[in-house]
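Reading through the structure tokens given below for one structure.
Please treat every number below as a calculation from the coordinates, not as lab data. The model shown is predicted, which means the values in this text are computed figures rather than measured ones. Reconstructed Cβ throughout: ideal geometry from the backbone, glycine too, with neighbour counts over all protein chains shown.
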Amino acid sequence: METGDWRLERKGVLVRRIEPTSDAHSVLKEGDVIVSFDDVRVGCEGTVPFRTNERIAFHYLISQKILSFRFAGDVAELGIIRARNFMKVQVALNPRVHLVPYHIDGDQPSYLIIAGFVFTPLSEPLIDEECEDSIGLKLLAKAHYSLAKFKGEQIVVLSQVLANEVYIGYEDMSNQQVLKFNGTRIKNSGHLAHLVDSCKDKYLVFEFEDNYVAVLERETASAASSSILKVYGIPSERSSDLLEPYVDSLGDNQAIDQDFGDSPVSNLQIGIDSLLWA
């Protein structure tokens, strides 16, 4: 890290927020002022020199850097002012971790069926399939503006309730985000499957947004699942990716009480798309 005289830098942009999943999170801090990118000065309005007597948005430099990548992890040098001191830092640029993916990996979407409740991670293909009206404004806002707080985080939704005689009254609860299972906040679909598989309680309690709650008797739900799958011609209660042993990306001891996925943003982003500036 190189230091210098902060008074030589009269321009720049203020870092207001940094995505927790970005490489910049361990290098930059909120309140830093970015004054240069790879030795190109950044103006107060977030622009950099372009052609003769012209300026262009700061993000242009990011786009050019991405196009010149030989591989993910290439480094950009940022000149910043922190606590009235000028310094230069290096930030590795890697693809952004999207909370709601644009594409689905593999041949089929990830899913988990519990007594007719079909859970799946929210994705852009799911939004396109369901149409925006049925998804709802709250989930759409999260899909378009929220930041992932850790790698592997997903917005898990109850995408469908398969009608059956065992559980009646939950048919209209589709496209609701499930937040907790038996009091534990859900990190992703694999985590939900793990919690259900290891549950020994009498009841399965699913907590959704807007204070909706679904309570299933565990043994009854287990007994009903196979018949429901048979009626609907579904070969397995879960997708192949959920057959693998669950690995906790956060670690068992890390607190997860904060509201994952509840950090809407609307400002320009850099780094690749990992910083917000004012």
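Compute the distance in nm between two label points, each set 7 Å from the Cα along the Cα-to-Cβ direction, one at Asp39 and one at Ala163.
Between Asp39 and Ala163, the label points sit 7.0 nm apart.
For the stretch 110-124, in order, what is each residue's ³J(HN,Hα) by Karplus, 6.51 cos²θ - 1.76 cosθ + 1.60 with θ = phi - 60°, in whole Hz (x at glycine and Pro)?
Using θ = phi - 60°, the values come out as 6, 8, 9, 10, 10, 6, x, 7, 9, 9, 8, x, 5, 8, 4 Hz.
Taking amide H positions as placed in the peptide plane 1.01 Å from N, state which residues far from Phe37 in sequence (5 or more) or on other chains have amide H under 5 Å from it.
Hits under the 5 Å cutoff: Val42, Gly79.
Once you wrap a convex hull around the alpha carbon atoms of the stretch 160-231, what is its projected area averaged over all directions, in nm²?
On the way: hull surface 19.8 nm².
Mean shadow area of the hull around the Cα atoms is 4.9 nm².
With a sphere of radius 15 Å drawn around the Cβ of Gly116, what net charge do the other residues whose Cβ falls strictly inside it have (Lys, Arg +1; Asp, Glu -1)?
On the way: positive: Arg218, Lys230, Arg238; negative: Glu165, Glu171, Asp172, Glu217, Glu237.
Taking every Cβ under 15 Å from that of Gly116, the sum is -2.
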